[in-house]
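Below is one structure; the comments refer to it alone.
Please treat every number below as a calculation from the coordinates, not as lab data. No experiment lies behind these values; they were computed from the predicted model shown. No Cβ is skipped: glycine too gets one built from the backbone with ideal geometry, and neighbour counts run over all protein chains shown.
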Amino acid sequence: MLLDGDPQWQRYLFYAATAFLIWEVWRGWRLGAVRGLLRLAALFCAWIAGTTTAGATGTVLAFFSKIPPLLAPAVAGLTVAIGVYIGISLISGLLFKTTLDHSGVVRWGFGLGGAVCGVLYGLLILWAGITMIRGLGALGEFRLVQARLEGKTDSQERAALFLMKLKASLELGATGQTLRKADPLPTSFYDNIVKISMVAGNQMALERFCQYPPTLKIIASPHIAALLQDPDLEKAANSRNIFPLIHNKHVQAALNDPQLVAEFKKFPLTAALNYALEPVAPPRHVPPPGNSPRNSPRAAAQGRNGSPKSPAFSNTTAPQLPVSKP
């Protein structure tokens, strides 16, 4: 985390969440049980239709429009999801009555049922809001790291600082820990966004990332080797635009290789990023082989202890043995 949170901001977030939940209970009471259930069904159907459309038509939309390929599935899925939600909501509004259209016991039953549906609806929206705030905060951290690499000051990135502080404030204390557990996306997902930006902006870290054993196994693939030798990759790196690579023949061949896809799926991204960002230990100093051992501290210690290699022993006169003449 590059910025500390503020407990006061966290209180404001909870005040806003409480006010929103009360509003949804009151709105659910007015809509009634039937329309409340249909609103929950509309939310569920919109999610199913959006995710299905994103997976099925995102690539096709990228070919026939100017939308970037990586954003095309999100745009297609969001468009279909909004359309499904609005369609079901309009139909339920035309066919079914609200709580105010009833009277007596039926009115109270419709109201209470609608209030319960309102609580569920509000909690689902707040659940999605946790993911949205944490995701935007991670993108803010990503942008701040990139700005520092570009030589810009932190004060020039006000939007990024705001999103980061909002995320950090949401995650404060025991309540923030509970909210992190409630998030459908793991914390490592948001941390990896920042780590990827840090590795991409550091040549030594990028080299260590490529030296990670699972990374070397992927790079050894013929499709990846051909992609790394493709001049289009260098052009994309210089222009910082990776979108043209989506239609590259080597990329398409790699995506159609089931063994390589399996390697990508089980690739330990978090471990690889941590390995790349670990500080490199300084090399140990090894004395050159030309140095005499007599000048080493060990040789001096041996000389003091009367070692056979000590200067004191070498300077003593050896006893002369008698030599007989023939």
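Quick notes on this structure:
- Cα-Cα over 23 Å, subset of Lys195/Lys266; Lys152/Lys235; Lys181/Lys217: Lys152/Lys235; Lys181/Lys217
- Relative protection proxy for 136-149, 26-39, from highest mean packing down: 26-39, 136-149 (other beta-carbon atoms within 10 angstrom).
- Residue exposure sequence - Asp183, Asp101 - by fewest surrounding Cβ within 10 Å: Asp101, Asp183
- Leu149-Ala19 FRET efficiency (beta carbon distance; Förster radius 35 Å; 0.05 resolution): 0.30
- Taking Cβ atoms as reference points and 11 Å as the exclusive limit, the residues near Gly5 contribute a net charge of -1, counting Lys and Arg as +1 and Asp and Glu as -1.
- The alpha carbon radius of gyration of region 7-185, expressed as a multiple of 2.2 N^0.38 Å, is 1.29.
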